[in-house]
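Participant: Handing you this structure, nothing more for now.
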Amino acid sequence: MNKPRRWLFVMKITVLQILISAFSAVMVFAVDGKGQAVLEQRISIDVEGVDFQSALILISKQAKVKFAYSPELVRDKDQVTLYAEGEPLADVLDELLGPDISYKVIGRQIVLTPFISVQTPLPAEENGSLRVLIGVSGRVTDELGNPLPGVNILIKGTTLGTTTDSNGTYGFKVNDPKAFRIFS
């Protein structure tokens, strides 16, 4: 292979790699931006006395989304009665899920997780000294470095905790910076 042909071959491969990288970057940003649009779409539902999973299936079909959740999360859910006429999906989900289940949108998938409230006690005096709260934050990723949304983080031996967001990040305040965190 002569020198000009070799350079032409190298340039073709380089341009191809740049195009693939640009396309991948555009796709990543496109998926991220859809989350809010998914929650803003308007749906109508009128069900009475159906089981929780059936209500999710109806919403899934109408909103063209998929739900991901642990069966244990919805096992104790009773019959559902729900009426919504042209309401945003976010409002319908808030009404259906109630205060004990939270959700995160990832592309066209909605991940249901148990709601864990972050209880931040006010600084108080203990034995004459002021207890100081320290912010703890982090990011949970898999072995490839991809973010893990919906991971529960609790302080060992307490009910204090939170859940990772769609970027795998979390944050809350503790009074002991050496407190052990439990991830599940």
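The values are calculated or read from the model by the stated rules, or taken from the named source; none is laboratory data. Here the structure is a predicted model, which is why all the values come from computation and not from measurement. Every residue, glycine among them, receives a Cβ derived from its backbone with ideal geometry; neighbour counts consider all protein chains shown.
Participant: Kindly list, by first and then second residue, each pair from a residue in the range 43-56 that is hydroxyl-bearing (Ser, Thr, Tyr) to a residue that is surrounded by 14 or more Cβ atoms within 10 Å (Cβ to Cβ), limited to pairs with Cβ atoms under 7 Å and residues at least 6 apart or on different chains.
Facilitator: Note: pairs meeting the criteria are 44/84.
Participant: Just one of (1) surrounded by 13 or more Cβ atoms within 10 Å (Cβ to Cβ); (2) at pLDDT 80 or above; (3) closer than 28 Å to residue 152 by Cβ trips up residue 40, so point out which.
Facilitator: With (1) surrounded by 13 or more Cβ atoms within 10 Å (Cβ to Cβ); (2) at pLDDT 80 or above; (3) closer than 28 Å to residue 152 by Cβ applied to residue 40, the lone miss is (1).
Participant: In the range 54-91, how many are of a type in the set (Lys, Arg) and modelled with pLDDT of 80 or more?
Facilitator: Selection size over the range 54-91: 3.
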